[in-house]
Each structure stands twice: as structure tokens, then as C-alpha cells.
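What follows is one structure encoded as C-alpha cells, with my remarks underneath.
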């Protein structure tokens with residue numbers, strides 16, 4: 001985006017819609033370089049666009065409305081990179097119709113809450129309930145009582161098939177898939193539908209917040225860290241981005257972006273991940289909008305909760321078949337790997353190893369600086385990029401040791417008092433959890449929070465291990481190593 005002639009395209013975002021910089025974006029000096037986005041990268045900003053980028057930085061979360069011409073063209077290019085996000089709106093006026101599909105199996109009480117909330121928010125909305133072969137007629141009775149169209153499977157075929165069956169009955173240009181254990185909140189729809197004014201957007205998901213009448217330990221943990229809650233920031237979901245997938249607990253999708261069988265019916269779990277990945281890979285934007293909130297029932301029993309995370313993990317191998325190596329549990333640069341190993345090593349002497357590690361870091365920084373200079377980017381950016389990469393890959397190593405390699409990680413925790421590698425592993429595993437606790441301040445003491453986090457990650461990792469063995473897909477357990485020149 002460094003060429004001024006590129007600043008003549010028209011923005012896909014409609015006129016009058018404000019945008020704001022992603023909170024994690026760094027603006028370098030005179031706004032000539034932007035660091036961040038989805039995935040994280042370095043973007044050179046053309047001279048004509050720099051004043052607007054500087055104004056966006058000073059506007060903060062309030063954002064700005066781009067004016068026609070250069071400003072809208074800048075937004076048009078930065079939106080698909082996750083550097084700016086549309087500001088949410090609750091006064092959206094659109095004639096775009098939305099049909100709702102609710103897959104249901106058993107639990108008519110939860111379906112009743114779901115449909116009551118949908119009707120309260122949008123009384124005239126067309127709702128289709130797909131009963132996936134529940135054992136009683138109660139699910140159908142609840143659907144009819146709320147004026148929903150009822151479709152029924154004679155045998156249980158899973159949530160993917162239920163959503164596809166509902167999709168066949170949809171006539172509106174936008175379809176909202178809402179799970180039966182979810183309840184929408186007032187005003188949930190407008191911030192989501194507004195994103196579809198941009199023709200490049202295929203799907204949008206709201207924030208899913210847990211709900212429970214219990215004040216026990218597990219619900220308190222889930223209120224802070226639910227697997228379905230993607231957090232308070234707006235995001236662009238993309239390969240290599242901070243947000244790598246979206247759940248279909250509630251998901252709005254542009255119908256003409258879908259194939260006849262939107263969800264892969266052979267997948268009992270992970271079908272939502274597969275769908276949003278296919279949409280993103282096809283060039284569509286998939287967005288997350290936390291200004292819209294939907295609540296989700298918590299499973300309060302520890303075994304059921306851990307089993308759910310195990311089930312999530314079992315989707316790894318089937319997804320790897322469809323999206324090879326996309327689920328690699330970590331991605332290491334050979335430079336950063338060498339730096340870490342040298343800093344931890346004792347051979348031939350501790351000081352010499354540390355010096356060698358710093359030398360490798362300096363060499364990689366110098367090579368990156370030369371590459372940046374050739375691209376007309378200030379080489380002073382290089383140390384920041386290298387340092388960020390080293391920290392990010394250390395955190396990814398801790399994530400790997402808590403999840404897919406959790407047996408090794410737990411052994412490292414036990415060995416930490418006696419082993420330098422054990423102490424490094426323990427720090428990589430636990431420091432991010434401590435930061436989470438201090439940042440989020442859950443209604444739970446640090447020890448129990450960390451214990452539940454380790455159990456959650458180990459349960460998911462056990463599912464990944466089980467699926468890798470059953471489907472003979474070892475790649476879901478093996479990190480990717482990037483060699484110089486970008487080879488893996």
C-alpha cells in the first residue's frame with residue numbers, strides 16, 4: 001500500500017460509517033509504517049494516507065468517519081488487513097431480512113428460553129427450529145408455541161446436518177444460526193447486520209457470554225474464560241490472526257456466500273471452524289463484533305466441562321485432513337529457536353552460550369533491517385519486530401506445553417526446581433496465566449484459576465492426541481519451523 005496511485009479505489013464500507021484503529025496496532029513515527037493487523041505484519045503507508053492514519057491514532061476507540069477519496073480508499077485497504085475495524089452501530093436502518101435457524105436436540109427448557117429471547121428482540125422474525133431426532137415431542141411443542149417453523153430429522157445426524165436442513169428453508173439473504181442453549185440480548189442484531197453493508201463480509205459473530213444461576217467455582221471461572229467468548233475487542237478472523245476461528249453458537253452468514261451444503265455433515269465437532277476457514281480462504285471477510293452479546297448456558301459439572309473440551313480437541317485430525325497443517329500447535333522461526341536454545345544451554349560455557357544466543361538475535365535483526373531498508377521501511381523497526389517475535393514464540397511454546405504436549409509440560413513443572421529447561425518451560429506456561437489473572441481479575445483465587453486453566457488445556461490437548469492417533473495425523477502435534485527465506 002505504498003503506492004499513491006493505489007489510493008483511488010472506493011471503500012467497500014458504506015459512507016458515513018466510522019472506523020477505529022485496532023487497539024494493538026503500533027504507528028511508527030510519522031505514520032509511514034503501521035505494525036499490526038490480522039495476521040500481524042508491517043504495512044508501509046503512502047504519503048497521502050499518513051495524515052488520516054495519524055488522525056485515527058489520536059481518535060482512539062471513538063474512531064473517525066473517513067471522507068470520500070483518499071480516506072475511504074485507505075480504509076478500504078486496511079479493513080481486510082485487520083488494522084482498522086468498523087465502529088459498532090445500534091441504530092442501523094436496513095431492509096436486509098434475517099432468518100434464524102435453531103438446531104435443537106433434547107433440552108426443551110433451553111429451547112424455550114432461546115425462542116422467547118428471539119421473539120422478544122424481533123417479534124416478526126422468521127425462525128426455523130430443526131429437531132435433530134429428540135426422544136420426546138416437547139421440543140416440537142416449544143417450537144410451535146413460539147410460532148417457529150418446525151423441521152424434524154427422523155434420526156440424529158448432528159448439528160452440521162441440522163443447520164444445513166434449516167438453511168434449505170431459509171429465504172432471507174442473511175441467515176442467523178443460533179444454538180438452542182443460547183439466548184440473544186436486546187439490540188443484538190443491529191451491530192451484526194450493519195457489517196453486511198460491506199459486500200466483502202460473509203459472516204459475523206457476536207460475543208458469547210456464559211450464563212449460570214450457580215456461583216460455584218466452575219461458573220466463576222467460565223465467566224472469566226469461556227471457550228466460546230472471543231473477548232472484548234472487535235476482530236477480523238483470518239489465517240495467522242489473533243482470532244483464528246469463530247464458533248457457530250451464534251453466527252450470521254450471507255447466504256450467497258454458502259455452498260448448498262454449508263456445514264460438513266461428516267464433522268460432529270469442528271464443523272463451524274471448517275466453514276469459517278473456507279469462507280476466509282475464499283477471500284471473504286469474517287468478522288467478530290463484541291458490541292452484540294448472546295448468552296450461553298454453562299455446564300456446571302467438572303467432568304462434563306472437561307469432556308466438552310476433550311471433544312473440541314478431537315476435531316483436530318479431521319480438520320487437518322481438510323486444512324493441512326493449519327492446526328500446527330506452534331510456529332517457530334529457526335532464528336528464535338536457536339536464540340532460546342543457546343540462552344538455555346551450558347555448552348561450552350554458560351557465558352559463551354548466552355553470547356552466541358545474543359549474536360544470533362543480532363544477526364537476525366541485521367538481516368531484517370537490510371530487508372526492510374530495501375522495501376523503503378525504516379530499519380529501526382527491526383529490533384521491535386524481532387523482540388516481538390521472540391516473546392510471541394516463547395508464549396506459543398508455553399501454550400504447546402499446556403495443551404498438545406501437556407504430559408511433557410507437567411513433567412517440566414515438576415522438574416523446574418532442578419532444571420534450567422524446566423524453569424524456562426514453567427515460566428513459558430505459567431506467566432501468561434498469571435497475566436490473564438491480573439488482567440481479568442476473576443472471582444477466583446490465582447491457584448484455582450491456574451489449576452482449572454491447566455485442566456482445560458490438558459483436556460483439549462488429550463482430545464488432539466486421541467484424534468492424532470485414531471486418524472494417523474501426527475501433524476496436529478508437530479510445530480512448524482520457518483527456515484530463512486520463509487521455507488517451512
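The values are calculated or read from the model by the stated rules, or taken from the named source; none is laboratory data. Just so it is clear, the model here is predicted, and its values are computed rather than measured. We place every Cβ from the backbone using ideal geometry, glycine too, and count neighbours over all the protein chains shown.
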How many of the residues in the stretch 316-332 are surrounded by fewer than 19 Cβ atoms within 10 Å (Cβ to Cβ) and in contact with a strand residue (DSSP E or B) (Cβ under 9 Å, 6 or more places away or on another chain)?
2
Which condition does residue 382 not pass, out of (1) modelled with pLDDT under 95; (2) part of a loop (DSSP other than H, G, I, E, B); (3) surrounded by 20 or more Cβ atoms within 10 Å (Cβ to Cβ), if it passes all the others?
(2)
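Here's the yes/no breakdown for (1) within 19 Å of residue 252 (Cα to Cα); (2) in contact (Cβ under 8 Å) with a residue 12 or more places away in the chain; (3) part of a loop (DSSP other than H, G, I, E, B):
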{"residue": "130", "(1), (2), (3)": "yes, yes, no"}
{"residue": "134", "(1), (2), (3)": "no, yes, yes"}
{"residue": "143", "(1), (2), (3)": "no, yes, no"}
{"residue": "172", "(1), (2), (3)": "yes, yes, yes"}
Given the criterion surrounded by fewer than 22 Cβ atoms within 10 Å (Cβ to Cβ), closer than 21 Å to residue 102 by Cβ, touching a helix residue (DSSP H, G or I) at 6+ places or on another chain (Cβ under 7 Å) and in the same structural domain as residue 142 (by TED's automatic domain parsing), identify the matching residue among 168, 181.
181
Single residue of 148, 121 found to be in the same structural domain as residue 262 (by TED's automatic domain parsing) and free of Cβ contacts under 8 Å to residues at least 60 places away in the same chain
148
If residue 397 meets every condition in (1) surrounded by 13 or more Cβ atoms within 10 Å (Cβ to Cβ); (2) more than 29 Å from the chain's Cα centre (by Cα); (3) part of a helix (DSSP H, G or I) apart from one, which number is that one?
(2)
Would you confirm whether any residue within the stretch 49-64 is at pLDDT 90 or above and in a loop (DSSP other than H, G, I, E, B)?
yes
In this structure, is residue 54 crowded, with 19+ Cβ neighbours inside 10 Å and either in contact with a helix residue (DSSP H, G or I) (Cβ under 8 Å, 6 or more places away or on another chain) or in contact (Cβ under 8 Å) with a residue 12 or more places away in the chain (or both)?
no
For the condition in the same structural domain as residue 200 (by TED's automatic domain parsing), within 28 Å of residue 392 (Cβ to Cβ) and in a helix (DSSP H, G or I), what is the one hit in 339, 286, 276?
276
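Of all residues in the stretch 403-428, which are buried (at least 16 other Cβ atoms within 10 Å of the Cβ) and free of Cβ contacts under 8 Å to residues at least 12 places away in the same chain? Outline the logic, then answer.
Step one: list which residues in the stretch 403-428 are buried (at least 16 other Cβ atoms within 10 Å of the Cβ), which gives 403-406, 409-410, 412-413, 416, 422-426, 428.
Hits for the stretch 403-428 are 416, 422, 423.
This table checks each residue for (1) crowded, with 19+ Cβ neighbours inside 10 Å; (2) within 30 Å of residue 37 (Cβ to Cβ).
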{"residue": "274", "(1), (2)": "yes, yes"}
{"residue": "277", "(1), (2)": "yes, yes"}
{"residue": "299", "(1), (2)": "no, no"}
{"residue": "305", "(1), (2)": "yes, no"}
{"residue": "314", "(1), (2)": "yes, no"}
